[in-house]
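What follows is a set of notes on a single structure, which appears directly below.
The values are calculated or read from the model by the stated rules, or taken from the named source; none is laboratory data. From a predicted model like this one, the values you see are computed outputs, not experimental measurements. All Cβ positions, glycine included, derive from the backbone under ideal geometry; neighbour counts span all protein chains shown. With ligands, DNA and RNA removed, areas are computed over all heavy atoms of the protein, side chains included. Shrake-Rupley method; radii C 1.70, N 1.55, O 1.52, S 1.80 Å.
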Amino acid sequence: MSNSKVSRRALLGSAAAGGLAAFAGPWTHNRVWAQATDKPIRIGITSDASGQYANSGASDRRGMMMAIAEANERGGVLGRQIEFVHIDTETSPATGSRVAERLITREDCGFLIGAVSSGVANAISQVAQRYGVIYFNTNSSSPTESGKNCHRVKFVWDGNGTNFAKAAVRNSMYSYGERFLLLTNDYVWGHDTAKSTRGLVDQYGGEVVEEILIPQGTRDFSAALLKIQQVNPDVVAAAVGGDDQIALRQQVAQLGMGSKPAWINNQQDWPDVYGLPLENLFGVFGTTWYYGLDLPGVKDFVARYQAMYPDTSMRVPGNVFYNGYMATRELLNAIERAGTTNNIAVIKQLEGHVMSAEERMQHHFAVIDPNTHQVQQTIYLATANDEPRDENDMFKILTQSDPNEVRDEASQGSCKLESYDETPTFDA
């Protein structure tokens, strides 16, 4: 765990917690030093440092830390400096619950931010809702996060499985054929993404001929790949993430199966493929951002990343870093607009908030859906770049979709946000 007041010059500098308050339970009204305006605003970072998503967790965290450092260099928020506390959530829902409880009740954190695993994000958000603490799910992508598992205090910053499937399935069906095989990580994100893909295949007149479940932690994909060869589908739609996906890509490439059948990967996180050989980057996949986009602000963003993290092996930022940075920046901006750290006031500043394409460094505007709390944003499809400018230039962007074209309509009906009155008031 790190307990830090962040600046570019003292990124890992320690800061005293001081005056930590403890709660006995989910009171109707929780107030933590609400009037002590010289007290730093403390953010609890709930990202993985171990487990299947440790690499993405580290990238997520770096994005948050850069946004905090930049805010502190501008004088903080509401005249208060920003501190963070990080505890490893271990890609485990049970650990995520314990971490959220500790960050709120023992570490005096007024906001929680971070996630890659949707199961972990759901667990954190249940604790956050009990206390009324605003929680930003930065990088997990199950449709349930802004659907049946939504909460008034939770905001979802990544595209979800339905958004990416809408961008990819129809194009793949027209280009490659109508017989789909689903390759699915056997946990909530995989299941819900596969469900969305199956529905779209049916809607567009295709057929799902087989689904293969992949347990988390799989390193030998030989049985699954043999089954794919036997079924011989037109398209494999994979919802496999983290270290599992790294192993899958290596073995598919070794067997020469990267071009036939066609592959679509629902979403491709940059930390999962950075540094891999280009032949491992087969198929078409979704993302929300790429450092090579020719858009205003991108080059400066990359330069700031490289200045702050000169020693990291990942020399350019990817979508996971981008989501962590953007979410943290917008949280701090919402507090500034609200003029207070009161949770209800900040929530109301976030709901329906519109972000321009320029400030998001995307092709289209983005908006925080007031009914589901998911950020509706540009979705990109990409593939391996066969003409890279340098060793970092691994993606070729193929298409970009307007948020309205890929909106997850089903979440509108399944999300039932708690009312403001049902949400405990919390002032950090």
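Data for the structure
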| quantity | calculated |
| --- | --- |
| Q52 vs. criteria crowded, with 16+ Cβ neighbours inside 10 Å and either part of a loop (DSSP other than H, G, I, E, B) or at pLDDT below 95 (or both) | yes |
| Failed condition for T89, given (1) over 23 Å from Q362 (Cβ atoms); (2) assigned to a helix (DSSP H, G or I) | (2) |
| Any hit, segment 94-110, residues being among the small types (G, A, S), within 21 Å of M326 (Cα to Cα) and modelled with pLDDT of 95 or more | yes |
| Pair list, Cβ < 6 Å and 6+ apart or interchain, from segment 365-391 residues that are farther than 15 Å from P143 by Cα and open to solvent by 30 Å² or more (accessible area, probe 1.4 Å) to residues that are of a type in the set (G, A, S) and at pLDDT 95 or above | F365/S356; F365/A357; P370/G352 |
| Qualifying residue in segment 283-300 (condition: in contact with a Pro (Cβ under 7 Å, 6 or more places away or on another chain), hydroxyl-bearing (S, T, Y) and more than 17 Å from Y53 (Cβ to Cβ)) | yes |
| Among residues of segment 157-188, those that are open to solvent by less than 10 Å² (accessible area, probe 1.4 Å) and assigned to a strand (DSSP E or B), counted | 6 |
| Qualifying positions in segment 189-215 - touching a Ser or Thr at 6+ places or on another chain (Cβ under 7 Å) and open to solvent by 50 Å² or more (accessible area, probe 1.4 Å) | H191, E211, L213 |
| Residue, farthest from P233 (Cα to Cα), within segment 265-284, restricted to residues that are of a type in the set (A, V, I, L, M) and open to solvent by 10 Å² or more (accessible area, probe 1.4 Å) | L276 |
| Search result, residues across segment 364-387 that are over 24 Å from I134 (Cα atoms) and touching a Phe, Trp or Tyr at 6+ places or on another chain (Cβ under 9 Å) | T378, I379, Y380, L381, A382, T383, A384, N385 |
| Search result, residues across segment 342-359 that are open to solvent by 30 Å² or more (accessible area, probe 1.4 Å) and β-branched (V, I, T) | V354 |
| All positions within segment 255-264 that are among the β-branched types (V, I, T) and surrounded by fewer than 22 Cβ atoms within 10 Å (Cβ to Cβ) | none |
| Per-region count, segment 128-143, residues surrounded by 24 or more Cβ atoms within 10 Å (Cβ to Cβ), part of a helix (DSSP H, G or I) and out of contact with any strand residue (DSSP E or B) (no Cβ under 7 Å at 6 or more places or on another chain) | 1 |
| Elements of type helices (runs of 4 or more DSSP H) in segment 211-284, at least 2 residues being free of Cβ contacts under 8 Å to residues at least 40 places away in the same chain | 222-231, 242-254 |
| Selection within segment 285-303 - surrounded by fewer than 18 Cβ atoms within 10 Å (Cβ to Cβ) and touching a helix residue (DSSP H, G or I) at 6+ places or on another chain (Cβ under 7 Å) | P296, G297 |
